[in-house]
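Enquirer: One structure, as structure tokens, below. Some questions next.
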Amino acid sequence: MSPRRTAVTALTGGLLAVLVALAGCAASGDSGGAVGGAASDARAALVPSPSRAVIDPVAGSVSDASPTPTPDATRARSEPASLSIPAIGVKDLRVVPYEGTTDDRPGTRIQDTGVAASPYGEKGGVGPGETGNYLVTAHRLSAGGPLRDLPLLDAGDTVTVTAGDTVYTYRITETRKTSFRSERSLAEQRAAVPGRPGEEPTKAVITISTCATPEDNAAGNYWRDGNNNPEHRIDKIGALVSTAQTPPDGTAPAP
């Protein structure tokens, strides 16, 4: 073989070797990509997906796939009740619960219809018979003045609250005065233990509140808030003394 042919053969062989090597690298790279993709898919499968909202086909509402159950206490607070105060002639005054705080705009609008309002939630109170402060407010002069004679209620007088088929009886223990112009005073009124903000309650109590408009006017105090409430309110505090079921005939149980 001539030297020239030998050089050509060697060069051709070298080129073939390079091509084979390149083909091997390409194959290796494709295989690595497939393995990497599979690993990525596997890792993705291990990562929990965010909770998805589901649509109730019956209710037509949107809810979380894992909803938090509503406590029975919250349901009880959202049900209307009726208030009776025999000593001052109040009988079956409707008490409408709402989420808010005492004498805010929603609560005042409820009172404007001639019934009582009871706030619950973060800034409100508890439900009838529950441990803590059951807050009930109503007008004294306007909307029929359902609590016009509340200032006459004395310690020892009883108050009944009927919720569903249960009657809760409270006995009045004290009288307090709340100022709308004092955050401290408002906090004391709305506290779980009346007069003691931050204290953990151990008893079920009720606060029945109405305006002190005649007393404020007599003192020359004509201040009003944005809901036309005077500065002061008269609060009657009572402690739960008994719980009874309503008889089948619907009459109130004997105290």
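Yes/no per residue for (1) outside any strand (DSSP E or B); (2) open to solvent by 20 Å² or more (accessible area, probe 1.4 Å); (3) without any contact (Cβ under 8 Å) to a residue 24 or more places away in the chain; (4) hydroxyl-bearing (Ser, Thr, Tyr):
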residue	(1), (2), (3), (4)
Glu79	yes, yes, no, no
Val95	no, no, no, no
Pro106	yes, yes, yes, no
Arg109	yes, yes, yes, no
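Enquirer: Give just the number: which of (1) at pLDDT 95 or above; (2) part of a loop (DSSP other than H, G, I, E, B); (3) open to solvent by less than 80 Å² (accessible area, probe 1.4 Å) does Glu199 not satisfy?
Expert: Result: Glu199 passes all but (3).
Yes/no per residue for (1) part of a loop (DSSP other than H, G, I, E, B); (2) open to solvent by less than 70 Å² (accessible area, probe 1.4 Å); (3) free of Cβ contacts under 8 Å to residues at least 60 places away in the same chain; (4) among the β-branched types (Val, Ile, Thr):
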site	(1), (2), (3), (4)
Arg171	no, no, no, no
Thr175	no, no, no, yes
Arg181	yes, no, yes, no
Val205	no, yes, no, yes
Gly220	yes, yes, yes, no
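Enquirer: Which members of the range 115-152 meet the condition of being open to solvent by less than 30 Å² (accessible area, probe 1.4 Å), assigned to a loop (DSSP other than H, G, I, E, B) and in contact with a helix residue (DSSP H, G or I) (Cβ under 6 Å, 6 or more places away or on another chain)?
Expert: Hits for the range 115-152 are Gly127, Ala138, His139.
Enquirer: Shifting gears a bit: On the basis of being on the phi < 0 side of the Ramachandran plot, in contact with a Lys or Arg (Cβ under 7 Å, 6 or more places away or on another chain), surrounded by 12 or more Cβ atoms within 10 Å (Cβ to Cβ) and not in a loop (DSSP other than H, G, I, E, B), does Ser209 make the cut?
Expert: It is true that Ser209 is on the phi < 0 side of the Ramachandran plot, in contact with a Lys or Arg (Cβ under 7 Å, 6 or more places away or on another chain), surrounded by 12 or more Cβ atoms within 10 Å (Cβ to Cβ) and not in a loop (DSSP other than H, G, I, E, B).
The values are calculated or read from the model by the stated rules, or taken from the named source; none is laboratory data. The model shown is predicted, which means the values in this text are computed figures rather than measured ones. Note that we place each Cβ from the backbone using ideal geometry, even for glycine, and neighbour counts take in every protein chain shown. To get the accessible areas, we keep the full protein, side chains included, count just its heavy atoms, and leave off ligands, DNA and RNA. Shrake-Rupley method; radii C 1.70, N 1.55, O 1.52, S 1.80 Å.
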